[in-house]
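One structure is given below, encoded as structure tokens.
The values are calculated or read from the model by the stated rules, or taken from the named source; none is laboratory data. On a predicted model such as this, the values are computed, not experimentally measured, just so you know. Because the Cβ atoms are built from the backbone with ideal geometry, glycine has one as well, and the counts that use them run over all protein chains shown.
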Amino acid sequence: MEKVSIAPTDRSPLVEFDFSKGCFRLEGESYPEDSASFFAPLLKDMRTFLESDDARPVSFNLAMTYFNSSSAKALMNMFQMLEDAAGLGRAVVVNWHYHPDDDTMEEFGEDFGLDFENAEFRMCPTVDA
Amino acid sequence: MTTWAETYNDYRRWLNGQGIIFSFTGYLSEDMLTTLGSALKKRMALSETDANVAKRVFSVFVEQVQNIIRYSADRLASAEPPVELSGGMVTVGFDGHRFFVVCGNVVDAARAEPLRERLIHLASLDKEQLKAYYREKLREPAEADSQGASIGLIEIARRSSEPIEYDIVWLGTARNRAFFCIKAFI
């Protein structure tokens, strides 16, 4: 599958889905004008990848600093897909990167983490350089 | 006699006296949200607002403005060029202790009561219950015609330090429309 690379904007995150490596990245802020149309193609590609015969392990790295409620919905949909794939035997690791002073992102990470049983969800506080 | 400039000056001073950072009344669109949001972030950074508070204010602001854009019954639209504008007002201020975000727009009467019930329900929930309710709503398929409004309101309630205040002004003799106003404190 073709690699997906989307540069960040003021209102949308950096996206890198490297299917050949099983590496996924989402970073930055997310409150797109129309979050459904921003995330729908990404969700579709992820579903195609997870349902393919390609069983390589998945590493999903998120470093979000802000997202609105409709983006949260899209993130939840992605996580449910990953958890389902893990339930079917795929190795999935989700790394939730956040600044240790960022209460909101820490709490969101803890909340999302509750939904994973088969996939491994890791809280990854960043360290200031 | 009061000159027109004095009238505007009185209005400006009244806003300043209320601690208003900015107040917008008119037709809102997504590009206005980008611009006003960026101005709000800069203003909070300049006044050395705690980063966690600034993020909560910003989040409440975004959800409130997107609610106006999606649900205001006062709309202007054209297909070509594609324009869609939603009438409403948004005010952000700091009263010396807390930030506040006030939003108001016109809704059809049929929408006012369900919205009021949602706000009453949200006000009855504590922080942990709001968190659980948010998770529950995230897992559900989107409600028809709501475009995710319920989650937006829960997000506002979660980021606020007090229950969301609201008030309704019924419009016209038929009372078939209402100005619905909500105020969140952070």
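The table below lists the values:
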{"quantity": "Residues (modelled with pLDDT under 95 and within 8 Å of another protein chain (Cβ to nearest Cβ)) located in segment B:150-164", "calculated": "B:151, B:152"}
{"quantity": "Residue selected from segment A:109-119 under the condition surrounded by 14 or more Cβ atoms within 10 Å (Cβ to Cβ) and more than 10 Å from chain B (Cβ to nearest Cβ), by the criterion farthest from the chain's Cα centre (by Cα)", "calculated": "A:118"}
{"quantity": "Long-range neighbours under 8 Å by Cβ, at least six apart or interchain, first residue surrounded by 10 or more Cβ atoms within 10 Å (Cβ to Cβ) within segment B:3-14, second among the aromatic types (Phe, Trp, Tyr) and not in a helix (DSSP H, G or I)", "calculated": "none"}
{"quantity": "Test: residue in segment A:93-111 that is at pLDDT below 95 and of a type in the set (A, V, I, L, M)", "calculated": "no"}
{"quantity": "Among residues of segment A:66-108, those that are facing another protein chain (nearest Cβ under 8 Å) and of a type in the set (Ser, Thr, Tyr), counted", "calculated": "4"}
{"quantity": "Hits in segment A:49-73 - residues which are part of a helix (DSSP H, G or I) and touching a residue at least 40 places away in the same chain (Cβ under 8 Å)", "calculated": "A:49, A:50, A:71"}
{"quantity": "Number of the exception - residue B:54 against (1) over 25 Å from residue B:170 (Cα atoms); (2) at pLDDT 95 or above; (3) among the aliphatic types (A, V, I, L, M); (4) not in a helix (DSSP H, G or I)", "calculated": "(4)"}
{"quantity": "Index of the failed condition, residue B:29 passing every other in (1) more than 30 Å from residue A:99 (Cα to Cα); (2) in contact (Cβ under 8 Å) with a residue 60 or more places away in the chain; (3) within 14 Å of another protein chain (Cβ to nearest Cβ); (4) of a type in the set (Ser, Thr, Tyr)", "calculated": "(2)"}
{"quantity": "Tally of residues being touching a Leu at 6+ places or on another chain (Cβ under 9 Å) and closer than 20 Å to residue A:13 by Cα across segment A:82-123", "calculated": "9"}
